[in-house]
1. Summing +1 for each Lys or Arg and -1 for each Asp or Glu, what net charge is found among the other residues whose Cβ lies under 15 Å from the Cβ of Thr75?
2. Could you give the size of the charge dipole of the stretch 38-112 about its Cα centre, using +1 on the Cβ of each K and R and -1 on the Cβ of each D and E, expressed in debye and rounded to the nearest 20?
3. Helix-only mean residue ellipticity at 222 nm, the chain, DSSP H runs n ≥ 4 weighted -39,500 (n - 2.57), per residue, nearest 500. What is it?
4. I need to check one value: relative contact order of the stretch 100-153, counting alpha carbon pairs closer than 8 Å and at least 6 residues apart, in percent.
5. Which FRET efficiency, nearest 0.05, do Ile247 and Ala153 yield, Cβ-Cβ r, R0 41 Å?
6. If you average 1/r over every pair of different alpha-carbon atoms in the stretch 70-220 and take one over that average, what Kirkwood value in Å do you get?
7. Using each residue's phi in the stretch 78-92, evaluate 6.51 cos²θ - 1.76 cosθ + 1.60 at θ = phi - 60° and report the 3J(HN,Hα) Karplus result to the nearest Hz, with x for Gly and Pro.
8. Between Gln72, Pro197, Ile187, whose Cα lies farthest towards the positive end of the dipole of the chain when Lys and Arg beta carbons carry +1 and Asp and Glu beta carbons carry -1, centred on the Cα centre?
Amino acid sequence: MFHRALSGGSQALRSRFSSISWKPTGKPQQTLASEIVHAGVALHSGETVTAKLLPEAAGQGRYFVVGGVGGQVTTIAAAIGNAEDSPLCTTLSRAGARVRTVEHLLSALEACGVDNCRIEISGGDEVPVLDGSANDWVEAIQQVGLCVAEASAGNYMDKLAPFLNEPIYVSRNDSFIFGFPSPEIRITYGIDFSKVPSIGCQWFSSLINASVYLKEIAPARTFCVYEEVEKMRSAGLIQGGSAENAIVCRFCCTITLLNVIIIFIL
């Protein structure tokens with residue numbers, strides 16, 4: 001459910017760009033040492049889609065290459081300015097083209113230190129859902145490894161990191177995000193699905209580093225409520241959803257949802 005808050009708050013986040021500055025880390029930008037190809041079902045369309053991840057030069061960032069209007073190939077940068085409101089997934093769009101369900105792949109790329117990557121999507125407009133988590137992407141990245149990314153002139157470029165200049169706040173309905181300046185990265189997240197006993201009210205709080213991400217975040221899977229499945233499918237969503245790529249829970253009566261996340265950014 002967190003991606004709903006991010007998608008709905010994308011305009012608010014864009015308006016807060018002045019609160020964030022990017023500073024060099026003293027480390028060179030990285031890219032994949034070799035290509036990665038994963039094919040699988042698309043969560044919402046049910047189509048079989050393929051994502052090919054390719055090494056990219058320093059300074060190019062992470063971006064998607066997808067089919068656009070009239071079959072024209074379009075590049076879409078993985079940037080907040082390209083985020084659009086969409087149900088039950090994170091969607092990036094540009095020039096009439098879009099790519100959906102990007103959240104697990106982008107999470108893995110960021111956590112594993114892949115600063116530059118060309119991501120080619122074929123067979124549809126979604127990233128394959130795989131097992132509904134970021135785990136398969138993390139394992140694939142670890143298998144091929146990373147290398148220093150060179151710029152077109154053959155030189156290296158400094159990796160940049162975001163720094164909060166002041167506290168920020170974004171909300172939508174009963175979901176909200178606070179971000180505070182901090183010398184370390186810490187995330188505190190709360191969710192209240194009290195009418196879904198298997199989820200209930202949970203809190204997670206931790207400093208974030210590679211080991212915490214691999215153990216606690218990458219394996220976290222997409223979930224849905226059994227009683228809402230037919231409604232979502234009637235709306236054209238989760239056509240490819242199954243117990244293989246999502247956790248299915250039951251609930252009774254009504255749901256009270258509270259999403260709280262506090263992000264401390266270097």
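The values are calculated or read from the model by the stated rules, or taken from the named source; none is laboratory data. A quick note: this is a predicted structure, and the numbers were derived from the prediction, not measured. Heads up, the Cβs are rebuilt from the backbone with ideal geometry, glycines too, and the neighbour counts pull from every protein chain shown. Note: accessible area is taken over every heavy atom of the protein model, side chains too, but ligands, DNA and RNA are not part of it. Shrake-Rupley method; radii C 1.70, N 1.55, O 1.52, S 1.80 Å.
1. So the surrounding residues net to +2.
2. Computed about the Cα centre, the dipole is about 160 debye.
3. The helix-only estimate for the chain comes to -3500 deg cm²/dmol at 222 nm.
4. Result for the stretch 100-153 is 48 percent.
5. Calculated transfer efficiency: 0.30.
6. 18.2 Å
7. 7, 9, 4, x, 9, 6, 10, 5, 7, x, 6, 5, 9, 10, 10
8. Farthest towards the positive pole: Ile187.
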